[in-house]
Amino acid sequence: MTSLPSSSAAPAVAKLAAAAAAPGHDAQAEVEAEAYERTHVHGVYEAIAPHFSATRHKPWPAVASFLQAQHPGSVGLDVGCGNGKYLRENPAVFMLGSDRSAALVALARSRLGRSDEVGGAQQQPAAKKRGETTKPDVAVAAATTTNAAAGSGMEFSHEGGAAISDVLVADGLSLPFRDRAVGFAICVAVVHHLSTRARRQEAIRQLLRCVKTGEAASGQVLVYVWALEQGNSRRGWDEGGEQDLLVPWVLKSKSQTQQSRTPRKGLDNQTKAEQDAVVANKSGEPPASTMPAGDGPAAGTGGVGHTDPVFQRYYHLYRKGELEEDVLAAGGVVITSGYERDNWWAVAANEAPPSQPEK
């Protein structure tokens with residue numbers, strides 16, 4: 001099945017950047033950037049959530065290693081948790097997942113066997129105001145035991161041997177967690193969806209704000225973003241190419257999806273809605289879904305011979321070294337960084353460990 005090509009988002013992004021740079025127009029620039037992301041990111045994931053979730057069930061090795069390395073009893077965040085696939089990766093730690101998509105949060109909570117009554121799909125993320133210093137009501141206790149966690153008013157589930165606190169809807173630019181409250185955080189394939197560099201840096205700053213300081217073995221943040229340098233992938237992106245793109249996601253009818261479905265292992269823990277969706281190919285960008293297009297996101301068709309809705313997702317492709325620059329601009333230090341599966345990643349902290357100089 002032929003994949004549709006990506007298209008340029010450079011003109012729109014340039015307009016957003018110009019608005020952000022205009023003196024005295026910060027608030028309006030934020031409104032415009034949020035509107036663009038609502039159309040080309042949030043609305044898209046609301047529409048494709050069940051199928052997207054069905055394509056995200058296998059943990060990436062470096063993310064799994066980072067989580068397994070955390071101390072037993074640690075409290076951590078998964079910001080942009082999607083369907084929650086990483087929340088049970090290390091059953092010895094407490095994790096709180098959040099995502100901007102209410103539909104994905106509902107799927108994550110279903111996967112964890114929780115209802116939507118608290119922090120679920122009915123909850124809407126609070127709008128962020130520039131310069132806002134008051135934190136929203138939700139707070140994470142830096143608990144190391146279930147008794148301490150219970151005393152904080154948080155609930156923990158031990159189903160399947162995992163200690164899971166909750167999953168909630170939250171905006172990554174206005175995280176509802178206390179300063180220095182957790183020992184670690186992960187943010188996988190999220191920051192690249194923000195349409196200006198200032199917003200991408202603010203997302204990293206928010207992550208750093210939440211993690212502890214003064215402890216060499218904690219207070220670390222793992223961030224993953226799509227790489228520009230993907231010369232060996234089918235996408236054909238590489239060094240020197242355009243960094244701001246709209247990447248298509250094609251939705252097919254349920255009957256077409258069922259005809260092309262191939263049985264796959266690893267679906268036992270997925271919801272019925274996820275099992276009704278075809279599993280992705282290796283690229284992670286399957287051209288099918290059983291979910292209707294819905295309202296809000298930018299959707300069209302694939303052109304001549306294509307009648308299925310096509311949703312355009314915004315991505316900023318990070319060039320080599322750019323993620324490290326954003327960590328530094330956000331006030332953090334880079335502990336280590338690397339490249340895995342067409343992604344750049346970095347482990348960041350508020351301060352370098354005593355035995356390691358800053359990069």
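The values are calculated or read from the model by the stated rules, or taken from the named source; none is laboratory data. In this text, all values refer to a predicted model and were calculated from it rather than measured experimentally. Counting neighbours? That spans all protein chains shown, and the Cβs are built from the backbone with ideal geometry, glycine included. We work out accessible area using only protein heavy atoms, side chains counted, and drop any ligands, DNA or RNA first. Shrake-Rupley method; radii C 1.70, N 1.55, O 1.52, S 1.80 Å.
Please determine, by comparing only the residues of region 182-235 that are among the small types (Gly, Ala, Ser) and open to solvent by 30 Å² or more (accessible area, probe 1.4 Å), which one is nearest to the chain's Cα centre (by Cα). Step by step, filter region 182-235, then rank; the result is 189.
From the list 79, 140, the one residue that fits, being closer than 27 Å to residue 337 by Cβ, at pLDDT below 90 and in contact with a strand residue (DSSP E or B) (Cβ under 9 Å, 6 or more places away or on another chain), is 140.
This table checks each residue for (1) among the charged types (D, E, K, R); (2) at pLDDT 95 or above.
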position	(1), (2)
174	no, yes
185	no, yes
202	yes, yes
230	no, no
236	no, no
240	no, no
255	no, no
266	no, no
281	no, no
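Taken over region 334-346, the residue count meeting the criterion of being out of contact with any Phe, Trp or Tyr (no Cβ under 7 Å at 6 or more places or on another chain) and either closer than 16 Å to residue 228 by Cβ or open to solvent by 10 Å² or more (accessible area, probe 1.4 Å) (or both) is 4. Out of region 9-59, which residues are within 21 Å of residue 310 (Cα to Cα) and open to solvent by 60 Å² or more (accessible area, probe 1.4 Å)? The answer is 11, 38, 46. Every listed requirement among (1) part of a helix (DSSP H, G or I); (2) open to solvent by less than 10 Å² (accessible area, probe 1.4 Å); (3) within 20 Å of residue 203 (Cβ to Cβ); (4) of a type outside the set (Lys, Arg) is met by residue 84 save one, (1). For region 63-78, a tally of residues being open to solvent by less than 30 Å² (accessible area, probe 1.4 Å) and either under 24 Å from residue 245 (Cβ atoms) or part of a helix (DSSP H, G or I) (or both) returns 4. Looking across region 188-206, the residues that are touching an Asp or Glu at 6+ places or on another chain (Cβ under 6 Å) and of a type in the set (S, T, N, Q) come down to 195, 201.
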